[in-house]
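Notes follow the structure.
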Amino acid sequence: ISAVCCFYFRGGAELLFDGVKKHQVTLPCQPEPWDIRNLLKWIKQNLLKERPELFMQGESVRPGILVLINEADWELMGELDYKLQDQDNVVFISTLHGG
């Protein structure tokens, strides 16, 4: 099963992705539906350009990164277990600010 999705990086998170804020991606076919857990691994291997420790912690996003799936907080959608649907929009917003 493959899916075409848009990923958005905001609030400084885009700096880890060569400054690119929007990525429209056709995820590769796999037997099981894509979930956020597998998506994060794929993003780390294919899109993330630098300092993965600022985006990921373990197999999830770091605390301080807000994840929205189709404009809803991912906590309402099952977080890592949410099954991606074709044409989903996933937004990663960094709320971490240096000073």
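Remarks
- Just one of (1) surrounded by 13 or more Cβ atoms within 10 Å (Cβ to Cβ); (2) part of a strand (DSSP E or B) fails for VAL20. It is (2).
- Considering the conditions (1) of a type outside the set (A, V, I, L, M, F, W, C); (2) loosely packed, with under 12 Cβ neighbours inside 10 Å; (3) in contact (Cβ under 8 Å) with a residue 24 or more places away in the chain; (4) touching a Leu at 6+ places or on another chain (Cβ under 8 Å), ASP81 is excluded by exactly one of them, (4).
Yes or no, residue by residue, for (1) of a type in the set (Asp, Glu); (2) open to solvent by 30 Å² or more (accessible area, probe 1.4 Å); (3) under 26 Å from GLU32 (Cα atoms):
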position	(1), (2), (3)
LEU47	no, no, yes
MET56	no, no, yes
ARG62	no, yes, yes
LEU66	no, yes, yes
ILE69	no, no, yes
MET77	no, yes, yes
SER94	no, no, no
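- Inside the stretch 26-43, residues that are in a strand (DSSP E or B) and crowded, with 16+ Cβ neighbours inside 10 Å make up a count of 1.
The values are calculated or read from the model by the stated rules, or taken from the named source; none is laboratory data. Since this is a predicted model, take the numbers as computed values, not measurements. Cβ coordinates were reconstructed from backbone atoms using ideal geometry, including for glycine residues, and neighbour counts include every protein chain displayed. We work out accessible area using only protein heavy atoms, side chains counted, and drop any ligands, DNA or RNA first. Shrake-Rupley method; radii C 1.70, N 1.55, O 1.52, S 1.80 Å.
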